[in-house]
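Only one structure is covered here, and it is reproduced in the block below.
The values are calculated or read from the model by the stated rules, or taken from the named source; none is laboratory data. Since the model is a prediction, treat every value here as computed from it, not as a measurement. Note: ideal-geometry Cβ built from the backbone for every residue, glycine included; neighbour counts use all protein chains shown. These area figures cover heavy atoms from the full protein model, side chains too; ligands, DNA and RNA do not enter into them. Shrake-Rupley method; radii C 1.70, N 1.55, O 1.52, S 1.80 Å.
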Amino acid sequence: MSVETTTESAPAPRKGTNILLGLTLLGLLLALWLALGLSTAAFWTPNNISNLLRQGAMTAILAVGQTFVIITAGIDLSVGAIVGFTSVIIAWLLQAGVPLWASILLTLLIGVAIGAFHGFGIVRMGLPPFIITLATLTSLRGIGLLITNGSTISISHEGFTNFSRADFLGVPSLFWMVILVAIPAFVFLHLSRFGRYLFAVGSNGEAARLSGVNVNRTIYLAYILSATCAALVGVLLASRIGIGNATQAEGWELQAIASSVIGGTSLFGAVGSVHGPLLGAFILATINNGANLLNVNSFWQRIITGLLIIVIVYFDQLRRRGTR
């Protein structure tokens with residue numbers, strides 16, 4: 001049976017459910033904005049809104065990449081470490097005099113290589129995604145610290161560092177990068193056969209293989225996309241803070257997973273979208289931003305995020321039981 005024939009039988013995301021969830025998340029985000037606007041006069045100031053968009057942008061891009069992996073019933077714990085590591089790489093390349101375009105390209109290619117390594121570990125070595133990406137998390141932090149000797153690398157390229165502070169049509173450049181990632185990600189996941197393959201693998205890998213789907217290649221693709229998104233965020237973070245630092249973005253992998261789960265992606269695989277994790281990322285960013293404005297202890301922000309994950313995964317389990 002040809003691959004083209006099997007794409008019709010591969011499970012696809014339910015469009016009606018995705019639209020309803022997206023509208024619910026958008027309503028929740030607008031409700032949070034309204035509540036915070038009424039609670040504090042500082043929320044609706046242009047500086048705060050710009051800061052909020054910048055805060056959520058990088059997590060949103062990470063969440064999109066993480067979603068590709070979670071849909072296949074996998075997980076990528078290394079994305080935060082990849083962000084820190086690639087911030088060091090691009091800073092080192094720029095300091096060595098490599099042209100900006102080449103530095104960005106090489107940094108993204110390193111992300112591709114890391115994702116391919118994850119795919120190799122899962123497909124060829126038979127390692128669980130949790131283990132191989134956890135090992136990469138630890139290793140990349142160590143390699144980055146070795147490169148910098150435990151310090152940081154300053155970036156003197158003004159054009160590069162000014163990008164993250166710039167606006168276009170009154171909207172921060174970092175937010176435009178979210179749009180730049182989201183549009184092709186949406187086309188890939190929801191309008192292409194490769195997106196259908198991701199859902200098929202996450203639903204039942206063996207059934208997908210018997211239907212003609214190249215399961216191994218699909219897993220490679222998911223992890224390469226996740227690591228490349230993380231490498232892009234590393235470039236954007238280096239632009240924003242003006243240094244390369246291997247310890248940056250610690251814990252961002254949890255933010256990415258939380259954003260994806262809040263956005264409706266099932267940790268059991270085969271359920272997810274692009275718009276959900278984007279909205280989930282900005283919901284988390286809004287909660288953190290509002291908590292700071294209201295002088296709420298930062299520890300409560302973590303507690304709220306953890307409770308959201310528990311509640312959403314619990315209801316996802318109930319949904320799955322109801323569909324059996």
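Lys/Arg Cβ at +1, Asp/Glu Cβ at -1, dipole of the chain taken about the Cα centre: which of PRO46, LEU106, THR286 is farthest positive-ward?
THR286
Might you report the magnitude of the Cβ-based charge dipole of the range 46-322 about its Cα centre, with Lys and Arg at +1 and Asp and Glu at -1, to the nearest 20 debye? List each step's numbers first, then the result.
Working: 13 positive and 7 negative charges, 104 e Å.
Roughly 500 debye, rounded to the nearest 20.
Hey, what D do you get for the range 46-322 in µm²/s if you plug the Kirkwood alpha-carbon radius into Stokes-Einstein at 37 °C and 0.692 mPa s?
On the way: Rh = 19.0 Å.
The calculation lands on 173 µm²/s.
Under unit Cβ charges (Lys, Arg +1; Asp, Glu -1), what dipole magnitude, rounded to 20 debye, does the range 104-207 have relative to its Cα centre?
Numbers: 5 positive and 3 negative charges, 44 e Å.
Dipole of the range 104-207, to the nearest 20 debye: 220 debye.
Using each residue's phi in the range 122-127, evaluate 6.51 cos²θ - 1.76 cosθ + 1.60 at θ = phi - 60° and report the 3J(HN,Hα) Karplus result to the nearest Hz, with x for Gly and Pro.
Values, residue by residue: 7, 7, 8, 8, x, 7 Hz.
How much length, in nm to one decimal, is gained on full extension between ILE183 and GLU250, taken as 0.36 nm per residue of separation minus their Cα-Cα distance? Present the calculation step by step, with values, prior to reporting the outcome.
Details: separation 67, 0.36 × 67 = 24.12 nm, distance 2.74 nm.
Separation in residues times 0.36 nm, less the Cα-Cα distance, equals 21.4 nm.
State the dimensionless ratio Rg/Rh of the range 52-197 (Rg: radius of gyration of Cα atoms; Rh: Kirkwood radius).
Working: Rg = 16.7 Å, Rh = 16.9 Å.
We get a ratio of 0.99 for the range 52-197.
Hey, with R₀ at 25 Å, roughly what FRET efficiency would LEU28 and PHE268 work out to, going by the Cβ-Cβ distance, to 0.05?
On the way: r = 23 Å, r/R0 = 0.91.
FRET efficiency, LEU28 to PHE268: 0.65.
Students sometimes get this wrong: rank MET177, MET58 by accessible area, probe 1.4 Å, all chains present, largest first.
Numbers: MET177 35, MET58 5 Å².
Putting MET177, MET58 in descending order of accessible area: MET177, MET58.
Of all alpha-carbon pairs in the range 153-203, indicate the percentage at a distance above 17 angstrom. Intermediate values should be presented prior to the final figure.
On the way: 732 of 1275 pairs.
Tail of the P(r) past 17 Å holds 57 percent of the pairs.
Got a sec? Charge dipole of the chain, +1 on Cβ for Lys and Arg, -1 for Asp and Glu; which of THR305, PRO128, LEU318 is way out at the positive end?
After comparing all options, I get LEU318.
P(r) for the range 165-324: what percent of alpha-carbon pairs falls in each 5 Å bin, starting at zero?
All Cα pairs considered, the percentages come to 2, 7, 13, 18, 18, 18, 12, 7, 4, 2, 0, 0.
Given a Förster radius of 51 Å and the C-beta distance between TRP44 and ASN214 as r, what FRET efficiency does 1/(1 + (r/R0)^6) yield to the nearest 0.05? The partial results should precede the final answer.
On the way: r = 50 Å, r/R0 = 0.98.
Once the sixth-power term is evaluated, E becomes 0.55.
Which of these, LEU106, LEU25, LEU236, has the largest mean-square fluctuation under a Gaussian network model of the chain (Cα springs below 10 Å)?
LEU106
Taking the dipole about the Cα centre of the range 176-269, with the C-beta of Lys and Arg at +1 and of Asp and Glu at -1, give me whichever of SER260, ALA200, ALA227 is farthest to the positive side.
The listed residue farthest towards the positive side: ALA200.
Quick check on the chain: helices-only [θ] at 222 nm, where DSSP H runs of length 4 and up contribute -39,500 (n - 2.57) each and the sum goes over total residues. Nearest 500, please. Could you put the intermediate results ahead of the total?
Numbers: 14 runs with 240 residues, N = 324.
About -25000 deg cm²/dmol.
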